[in-house]
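The values are calculated or read from the model by the stated rules, or taken from the named source; none is laboratory data. Remember, predicted model here, so these are calculated numbers, not experimental data. Every residue, glycine as well, gets a Cβ built from its backbone with ideal geometry; the counts of neighbours run over all protein chains shown.
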Amino acid sequence: MTAQAPAQTDGGIRLNGLIKTFRGPHGPIHAVRGIDVSIAAGETAALLGPNGAGKSTTIDMMLGLSKPDGGTVTVFGRPPREAVDAGLIGAMLQSGALIRDVSVRELVTMMASLYPDPMDVDEALEVTGLKAMASQRTQKLSGGETQRARFALAIVSNPELLVLDEPTVAMDVEGRREFWSIMRAFAARGRTVLFATHYLEEADANADRAILMAHGRVVADGPTTEIKARVGRRTLRATLEDVDPSTLACLPGVASAERHGDAVILSCTDSDQAIRALLERYPAARDIEITGGSLEEAFLELTGEPDDEVSELVAP
Ligand SMILES: Nc1ncnc2c1ncn2[C@@H]1O[C@H](COP(=O)(O)OP(=O)(O)O)[C@@H](O)[C@H]1O
Ligand SMILES: [Mg+2]
């Protein structure tokens with residue numbers, strides 16, 4: 001990737017009073033109900049929220065794909081369409097098929113030719129791990145490879161801002177790991193990245209900041225470590241006699257511990273770590289149950305209203 005002058009990135013992303021309402025069969029659907037967010041150039045931010053929170057609707061307006069019913073969007077000081085046309089934004093949307101009957105290299109080359117200052121095609125194929133499949137027809141790619149090709153299409157314009165809407169959905173664990181490592185390398189070059197996810201773990205591992213959305217509003221916004229501490233705590237319950245709770249509170253991943261008769265209740269900052277440590281040191285622990293760490297609880301806490309369509313916020 002070649003270095004670009006940072007002058008044109010002044011202002012980052014600004015969303016002011018953004019509103020979008022859809023007409024549904026049973027009345028209006030308030031998908032986005034007034035969002036004010038600024039993302040500085042060079043920042044890596046996660047738009048975190050359950051399905052239906054309004055993440056994709058927000059992203060579509062940010063990319064100029066749909067028009068807000070209220071409020072404004074600017075990207076690097078420009079209206080979204082202008083920023084897209086100038087090659088400043090690369091995007092990977094939630095869905096979208098690849099053109100068939102062309103090779104991966106041909107497709108990426110075509111895309112590169114649309115932009116004023118594209119990345120070298122070989123470099124785009126290299127960083128996305130597609131070099132070995134460059135001559136493969138797009139319809140022969142696996143789900144994970146297709147996602148990587150879509151990723152190559154998003155970065156080949158050499159954008160200042162990369163927008164990714166739930167990019168790892170079709171990927172297996174290994175694919176996700178690779179994907180995020182490429183994304184982080186891209187972000188490390190000083191580019192701005194905004195990605196939508198409904199996994200707290202993905203936001204925590206890959207973003208500096210999490211913007212938590214629910215019901216079309218931002219309900220929390222801050223460093224991922226803070227957001228995680230606020231919403232990510234889980235409770236581990238187990239039957240385990242004769243161990244002092246203060247000893248259990250010192251296990252890795254455990255913040256505090258209580259005893260109720262034969263049962264112990266551990267409040268965990270990292271329940272994976274906690275359960276491993278617990279079983280290793282106290283093999284007699286049984287009837288183990290882990291609860292919490294879901295967005296649902298977080299939203300109940302933050303908004304005081306339950307969300308019917310909330311999905312579990314657990315590691316993919
Ligand atoms: N084109 C559309 N027409 C009607 N309703 C829509 C449309 N797009 C999204 N919605 C609704 O808006 C809300 C927010 O959707 P979306 O932005 O896709 O959420 P997310 O990406 O966070 O899952 C949902 O209730 C969804 O059903
Ligand atoms: Mg979405």
Query raised in the report: Can you name every residue in the range 150-174 that is buried (at least 21 other Cβ atoms within 10 Å of the Cβ) and within 16 Å of ligand 1 (Cβ to nearest atom)?
Result: V163, L164, D165, E166, P167, T168
Report summary line: Considering residues that are surrounded by fewer than 16 Cβ atoms within 10 Å (Cβ to Cβ) and either basic (K, R) or within 12 Å of ligand 1 (Cβ to nearest atom) (or both), the number found within the range 15-28 is 7
Report task. Given the conditions (1) more than 16 Å from ligand 2 (Cβ to nearest atom); (2) over 24 Å from E226 (Cβ atoms), report the number of the one that K20 does not fulfil. Result -> (1)
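Could we say that S66 is within 18 Å of D165 (Cα to Cα), within 12 Å of ligand 1 (Cβ to nearest atom) and not in a helix (DSSP H, G or I) here? I'd like the intermediate steps shown before the answer.
Details: within 18 Å of D165 (Cα to Cα): yes; within 12 Å of ligand 1 (Cβ to nearest atom): yes; not in a helix (DSSP H, G or I): yes.
Taking the combined requirement at face value, the residue satisfies it.
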Query raised in the report: Between a first residue in the range 23-36 that is within 17 Å of S66 (Cα to Cα) and part of a strand (DSSP E or B) and a second residue that is among the β-branched types (V, I, T) and near ligand 1 (Cβ under 8 Å from one of its atoms), which pairs have beta carbons less than 7 Å apart while being 6 or more apart in sequence or on different chains?
Result: A31/T57; V32/T57; V32/T58; I35/T58
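If I ask for residues that are outside any helix (DSSP H, G or I) and at pLDDT below 90, which ones from the range 169-188 would you list? Walk me through it before giving the result.
So in the range 169-188, the residues outside any helix (DSSP H, G or I) come out as 169-172, 188.
Across the range 169-188, the qualifying residues are V169, A170, M171, D172.
Among the residues of the range 145-165, what is the count of those that are within 15 Å of I13 (Cα to Cα) and not aliphatic (A, V, I, L, M)?
At the first step, the residues of the range 145-165 found to be within 15 Å of I13 (Cα to Cα) are 159-164.
With not aliphatic (A, V, I, L, M) added as a condition, the list becomes 159-160.
Going through the range 145-165 one residue at a time, the tally reaches 2.
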Query raised in the report: Yes or no: H215 within 16 Å of ligand 1 (Cβ to nearest atom) and touching a His at 6+ places or on another chain (Cβ under 9 Å)?
Result: yes
Report summary line: Of those in the range 70-106 that are within 16 Å of ligand 1 (Cβ to nearest atom) and polar (S, T, N, Q), the residue surrounded by the most Cβ atoms within 10 Å (Cβ to Cβ) is Q94
Query raised in the report: Can you pull out the residues in the range 38-60 that are more than 14 Å from the chain's Cα centre (by Cα), more than 10 Å from ligand 1 (Cβ to nearest atom) and buried (at least 21 other Cβ atoms within 10 Å of the Cβ)?
Result: I39
Report task. May I ask you to verify whether T109 is modelled with pLDDT of 95 or more, more than 16 Å from ligand 2 (Cβ to nearest atom) and assigned to a strand (DSSP E or B)? Result -> no
